[in-house]
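The values are calculated or read from the model by the stated rules, or taken from the named source; none is laboratory data. For clarity, every value in this text was computed on a predicted model and none was experimentally measured. Here the Cβ is made from the backbone with ideal geometry for all residues, glycine too, and neighbour counts use every protein chain on show. Remember, those area values only see protein heavy atoms, side chains included, never the ligands or the DNA or RNA. Shrake-Rupley method; radii C 1.70, N 1.55, O 1.52, S 1.80 Å.
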Amino acid sequence: MIKQILRKLPRKSQKSDSLDSAGNDSDNHASNSDDGVQCTNFGNKISSRLRVVKRVSSAVFPASIMAGVEAVEPNLSFNNVSNPQKPNLFISKLNLCCEACNSSDPDKGTAEQDLKRRTLIELVDFVSSGSAKFNEAAIAAMCKMCAINLFRVFPPKYRSNTASGEADDEEPMFDPAWSSLQLVYDLFLQFISYSSLDAKVAKKYIDQPFILRLLDLFESEDPRERDCLKTILHRIYGKFTVHRPFVRKAVSNIIYTFVFETERHNGIAELLEIFGSIISGFAVPLKEEHKMFLCRVLIPLHKPKSVGVYHQQLTYCVVQFIDKDPKLANSVITGLLKYWPVTNSQKELMFISESEEILEMISMTEFQKIMVPLFRRIACCLNSFHYQVAERAHMLWNNEHVLNLIKHNRQVIFPLIFPALERNSQNHWHQTVLNLTKNTRKMLSEIDDELTLACERKLEEEDSQSNEASEKRKLTWERLELAAGFEPAAANLVPPLKPATCSVAC
C-alpha cells in the first residue's frame, strides 16, 4: 500500500509542475538548472486577474528560448562585467523585474520595490547608452517583463459619461503605481526605438495578441500612461510594417464599439492623434480601404455626446484625408449634416468650426454639390437663440475663401440666407447678433444689390401670401365654429337614441 502511494507521488508532482508552467510560467519563474536563469516563485500571492496575463505570456514567451543562456548575478552592474556577459546580465535583470513584490510583509515589500526600481533605472540607462545588443532571448525576456508589469485589467468605470466637452473639466485620475509603470514604459520605448533591433525577430514576440493587450491599456484613466502608449504604438506601427493592417483594423473595432455600443473610452483622442500622423503618410491616390476608414470610422465619431474630448484630433484626421483627396469633402460634409446636433449648442459650435475648415479646402465643383443642404443648416444656425451659435455662423462671412465661394454661387445661396437674416433683424434678442446681422446684410448688398433687393421683394411676397393663407385659415375656423354653434339647437329636435343593451349574459 505504501509502495503504491510512493509511486503516485512523482506523478502528482509532475502534474502540478506542468500546470504551474502552463498557467503561471510568466511570473512564477521556476528555477531551471539547464539555463541557469533563476527567479523566485511569488505565484501564490498574485491575483487571479494577473494569472490571465501569465497564461498568455507563458504561451508567447516559452522558457525554451532561454536555453544556453549563461547565468549572471542580477545585482551586478553592467560596468563590472565583460561585454560578452552583458546580454546575459540584461536578461537576468529583466527576470528580476518580473518578480511580484511581497505584499504580506510591508518592510520586505518596500525593499523589493526599491530593488526593482533601481534595476529598471539601470536597464533604461543601459539601453539608452546605445551599447546594448538584443538577441532573441533578450527580446523574449523584454516582452515578457513588459507583459507581466503592464498588462492588467482595469476596474469598472464609475464616473458618469459627460456630454460634449464637459469631460475636460473633470480632474484626471492618476495611477498610484505610476512611478514603477513609467520606468517600464520608458524601457520598452527605448527598446522599440532601438536602431539595431531586428524587427523580423521581434515580431515573433510583439505579435497580434501582444498588440491587442497594448491597445486595451488605452482604457487607463491616467493621461500619462495613455501618452506613453500613444508614442509606443506609433513606434510599433512604424517599425513593424507587417502589423500595420492589423493595427488599423483593431483600432477600427475599438471605435466601432465606442460609437455604436458603449460611448465610453478614455483613449479615443490618443488613438486619433496616432492616426493623424499615419494618415499624413498615406500614398496618393488613396486606397479604398483608407476611404472606408474615413466613412465608417471617422465620420461616425461625430455622433457621441463626448465628441468635444477628441474633436480637435478628429478634425485634424478629416482635414488630412481631404488634403489627400479633395473629392472626399462632399462625403464629410454630408456626414456632418447627418450627425448635426439639434439641442447641443457646444457641439454645434464645433461642427460650424469644422465645416469652415473643410470649406477652406473644398473645390468649387464639390462645393456646388453640397451648398444647398449646408447653407440651409447655416441659415438655421443664424437664427439660433443661442447667441454663440448665431455669432459663430455669422463669422463665416469673415473667411475670404468661404466668401469667395458664396460670391460665385450667390444666385443659389442668397435666397437661402436672406430670410434668416430678416428674421434675426426683427426677432433676435442679443444685440451682438443684431449688429452682425446688419453687417452681413450690408455685405450682401455690396456683393449684389439687385439680387438682394430681389430676395427682399420675394420675401415680402412670401410674407403677404403667408398672411393671406393665415387669414383664410382664420375665416375657415370661424365659419366652422359658427356652424358648430347651431348644431346643439338642431340636435334638440332629434330624440336621443336609447343605449344599446347587451343580450349576452355576463
Only residues that are open to solvent by 20 Å² or more (accessible area, probe 1.4 Å) and in contact with a Pro (Cβ under 6 Å, 6 or more places away or on another chain): list them for the stretch 224-264, please. E263
The stretch 274-291 - residue that is assigned to a helix (DSSP H, G or I) and of a type outside the set (G, A, S) and, of those, surrounded by the fewest Cβ atoms within 10 Å (Cβ to Cβ): E288
Report yes if V332 is touching a residue at least 12 places away in the same chain (Cβ under 8 Å) and crowded, with 16+ Cβ neighbours inside 10 Å, otherwise no. yes
Residues to consider are H428, H408; find the one that is under 41 Å from the mean Cα position of the chain (by Cα) and open to solvent by 80 Å² or more (accessible area, probe 1.4 Å). H408
Kindly establish whether L271 is buried (at least 17 other Cβ atoms within 10 Å of the Cβ) and over 25 Å from L396 (Cα atoms). yes
Considering every residue within the stretch 356-377, establish whether at least one is closer than 30 Å to L434 by Cβ, open to solvent by 50 Å² or more (accessible area, probe 1.4 Å) and not in a helix (DSSP H, G or I). yes
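Checking the conditions here, which among E171, E221 is of a type outside the set (V, I, T), open to solvent by 40 Å² or more (accessible area, probe 1.4 Å) and in contact (Cβ under 8 Å) with a residue 60 or more places away in the chain?
E221
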Every residue in the stretch 242-262 that is more than 29 Å from D198 (Cβ to Cβ), touching a helix residue (DSSP H, G or I) at 6+ places or on another chain (Cβ under 7 Å) and not aromatic (F, W, Y), please. S252, I254, I255, V259
Looking only at the stretch 174-188, which residues are closer than 27 Å to Q313 by Cα and either at pLDDT 95 or above or open to solvent by 60 Å² or more (accessible area, probe 1.4 Å) (or both)? F174, Q182, Y185, D186, F188
Looking at the structure I just gave you, is L403 touching a Phe, Trp or Tyr at 6+ places or on another chain (Cβ under 8 Å), closer than 20 Å to R376 by Cβ and open to solvent by less than 40 Å² (accessible area, probe 1.4 Å)? yes
